[in-house]
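Trainee: Have a look at this one before I ask anything.
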């Protein structure tokens, strides 16, 4: 999460948080009275803690750990940019159904004291990617893996080296909630790909490589919990990185709040959540 202060770039997050503890509901069956996704048909793992002020820098490309008061923020747990001290708790919940290859992830933010203004919020999933695999044509040879992405609606380019020319509609599977799923193949394996859904319109974004027996990992934003400030500009992003010749990763980001800040107080809270599904497209590939 990021504040909208003009001078410095302040970041808060859960990634380096050290005070997280399991809640009393963690590891328990989801009770029917709780309602919501997977009710009475799964279990959850849940953690609670305080939002930590992790990074601060006048230059967004450089960041340093905060070890002392910065401007009006008195300590690492202060989230109120005014002279007042603010503290915001979070609850991170993962829910797993008993009979489906999927899960849901949810972060709720609840100010305990003061105010918390957020100019951008991101939920990130890092996927460990494969660089090479046996050739689908000749199993004795190794080739670079060309990943594919499935989306609804059509994707936008996130960097100058990505091409979206290789596209099919409903290539491997369909979805009852949308009419058309757009399938893109990133055939240029020498360049990192980066794509995103149109602002305020993303319904699903998947990553996979069926011809190399890599199932699709699909992300669905839960718009039932979307803050009204994010209606018009939330995005789903896929960004590939290859920091070394043997390492490859793809970050899946669910981004909220690009044009309207979210101002939380003790009388308000915010929730961002997604569903993650695993879809095996190799049977459809075998029929082609």
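Trainee: Out of the residues in region 238-260 meeting the condition of being surrounded by fewer than 14 Cβ atoms within 10 Å (Cβ to Cβ) and in a loop (DSSP other than H, G, I, E, B), tell me which one is nearest to the chain's Cα centre (by Cα).
Mentor: 259
Trainee: Sort through 108, 50 and tell me the only one that's touching a strand residue (DSSP E or B) at 6+ places or on another chain (Cβ under 7 Å), modelled with pLDDT of 85 or more, farther than 26 Å from residue 217 by Cβ and crowded, with 16+ Cβ neighbours inside 10 Å. I'd like the intermediate steps shown before the answer.
Mentor: Numbers: 108 fails: farther than 26 Å from residue 217 by Cβ.
One residue alone meets the criteria, 50.
Trainee: Another one. With at pLDDT below 75, surrounded by fewer than 18 Cβ atoms within 10 Å (Cβ to Cβ) and under 22 Å from residue 117 (Cβ atoms) as the only criterion, which of 57, 61 stands out? Can you show your working first?
Mentor: Working: 61 fails: under 22 Å from residue 117 (Cβ atoms).
Going through 57, 61 in turn, the sole match is 57.
Trainee: Additional query: Here is a check on your reading of the model: is residue 133 touching a residue at least 24 places away in the same chain (Cβ under 8 Å), more than 30 Å from residue 179 (Cα to Cα) and part of a strand (DSSP E or B)? I'd like the intermediate steps shown before the answer.
Mentor: On the way: touching a residue at least 24 places away in the same chain (Cβ under 8 Å): yes; more than 30 Å from residue 179 (Cα to Cα): yes; part of a strand (DSSP E or B): yes.
Yes: the conditions hold for residue 133.
Trainee: I would also like to ask the following. Being assigned to a strand (DSSP E or B) and surrounded by 15 or more Cβ atoms within 10 Å (Cβ to Cβ) is the filter here; which residues of region 264-288 pass it? Step through it out loud before you land on a result.
Mentor: We begin by selecting, within region 264-288, every residue assigned to a strand (DSSP E or B); these are 264, 270-279.
Answer for region 264-288, where residues must be assigned to a strand (DSSP E or B) and surrounded by 15 or more Cβ atoms within 10 Å (Cβ to Cβ): 264, 270, 271, 272, 273, 274, 275, 276, 277, 279.
Trainee: Still on this structure, I have one more. For residue 148, indicate whether it is touching a helix residue (DSSP H, G or I) at 6+ places or on another chain (Cβ under 8 Å) and surrounded by 13 or more Cβ atoms within 10 Å (Cβ to Cβ).
Mentor: yes
The values are calculated or read from the model by the stated rules, or taken from the named source; none is laboratory data. Here the structure is a predicted model, which is why all the values come from computation and not from measurement. Every residue, glycine as well, gets a Cβ built from its backbone with ideal geometry; the counts of neighbours run over all protein chains shown.
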